[in-house]
1. Within 10 Å, count the other beta carbons around each residue, average over each peptide in 34-42, 55-63, and list them highest first.
2. Per residue, what accessible area does the chain have, given a 1.4 Å probe and all protein chains present, in Å²?
3. Which net charge results when you count Lys and Arg as +1 and Asp and Glu as -1 among the other residues whose beta-carbon is under 14 Å from that of N193?
4. List the relative contact order of segment 67-169 as a percent without decimals, with contacts defined as Cα pairs under 8 Å and 6+ residues apart.
5. Going by Cβ distance under 4.7 Å, what cysteines of the chain have no possible disulfide partner?
6. Give, in whole angstrom and from largest to smallest, the semi-axes √(5λ) of the equivalent ellipsoid of the chain, with λ running over the eigenvalues of the Cα gyration tensor.
7. Note the angle between two axes, namely the Cα long axis of helix 280-290 and the longest principal axis of the Cα atoms of the chain, as a number of degrees from 0 to 90, rounded to the nearest 10.
8. Which FRET efficiency, nearest 0.05, do L128 and V23 yield, Cβ-Cβ r, R0 41 Å?
Amino acid sequence: MSNQSLVTEFILQGFSEHPEYRVLLFSCFLSLYSVALTGNVLIILAITFNPGLHTPMYFFLFNLATMDVICTSSIMPKALAGLLSGESSISYGGCMAQLYFLTWAASSELLLLTVMAYDRYAAICHPLHYSTMMSKTFCSMLAAGVWVLCAFNTAIHTGLMLRLHFCGPNVITHFFCEVPPLLLLSCSSTYVNSVMIVLADAFYGILNFLMTIVSYGFIISSILKMRTTEGKKKAFSTCSSHLIVVCMYYTAVFYAYISPVSSYSAEKSKLAGVLYTMLSPTLNPLIYTLRNKEVKAALRKLFPVFRN
């Protein structure tokens with residue numbers, strides 16, 4: 001047993017401290033999950049089967065929708081089952097698998113939002129060279145780089161988690177397996193894990209954010225230099241949806257995770273978890289489709305029921 005955890009399963013606390021809201025929370029979470037799953041799958045299908053949407057912007061949107069499906073599907077079935085039964089246990093292996101896929105999708109989304117900001121920068125600031133700057137090969141490399149880099153980073157964090165010992169208690173103060181509450185349960189040293197978390201926060205939360213801000217700084221500067229009002233409106237409409245998603249996602253991330261593990265707050269983390277695992281995947285397809293005529297036209301073409 002020297003190389004194994006003594007804990008064979010964890011108990012997800014979920015929202016058990018508010019049993020009176022269990023039915024309400026189950027209804028809300030099931031509705032959000034259904035909308036998120038339906039909306040993102042529709043976007044994936046619309047982009048896949050409509051040649052007119054085979055452009056860099058929609059290629060990255062396809063990847064974003066895929067990440068949203070993985071993110072919300074990695075935790076919602078278990079969370080809903082816990083709300084339905086009143087208690088939720090998860091095996092040690094299941095917890096590590098959930099941790100991996102959730103962290104992989106969430107970190108990939110942060111990185112992809114930066115890539116999408118660069119795409120908008122190239123389209124608005126260098127329109128004449130856009131096709132060269134964002135070639136099909138380069139876009140594929142960017143998307144593959146996001147998935148592979150985040151998979152590798154997540155593998156490191158999950159591997160470091162697997163080396164820890166958990167002797168009890170085994171109650172995770174969250175509705176899914178997450179790094180900070182798991183570290184608080186460990187009975188072995190978590191120093192290396194904490195250092196890696198700080199490095200990941202610096203890269204995903206700070207460096208990525210600054211790169212996105214710089215991209216939008218150039219974008220806004222270019223828009224303000226445009227002579228016609230119509231040109232300004234058209235340019236802003238191409239990036240406004242993405243900007244809304246960026247603000248929403250980073251608000252949740254900064255609110256809960258850009259802080260030391262020692263200052264972890266269960267209530268704050270649960271709220272942020274709802275924002276980026278349920279609310280964000282639900283709103284993303286709505287934001288991109290309601291404000292985008294091309295996506296709506298593709299959906300009407302693919303599904304005649306949307307024509308009414």
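The values are calculated or read from the model by the stated rules, or taken from the named source; none is laboratory data. Fair warning: this is a prediction, and the values are worked out from it, not measured in the lab. Every residue, glycine among them, receives a Cβ derived from its backbone with ideal geometry; neighbour counts consider all protein chains shown. Each accessible area value is taken on the protein alone, full model and side chains, heavy atoms only, with ligands, DNA and RNA left out. Shrake-Rupley method; radii C 1.70, N 1.55, O 1.52, S 1.80 Å.
1. 55-63, 34-42
2. 49
3. Surrounding charge for N193 is -1.
4. Value for segment 67-169: 32 percent.
5. C28, C71, C125, C139, C150, C239, C247 - these cysteines have no disulfide-compatible partner (Cβ-Cβ under 4.7 Å) in the chain.
6. So the three semi-axes of the chain are 37, 23, 17 Å.
7. 10
8. 0.10
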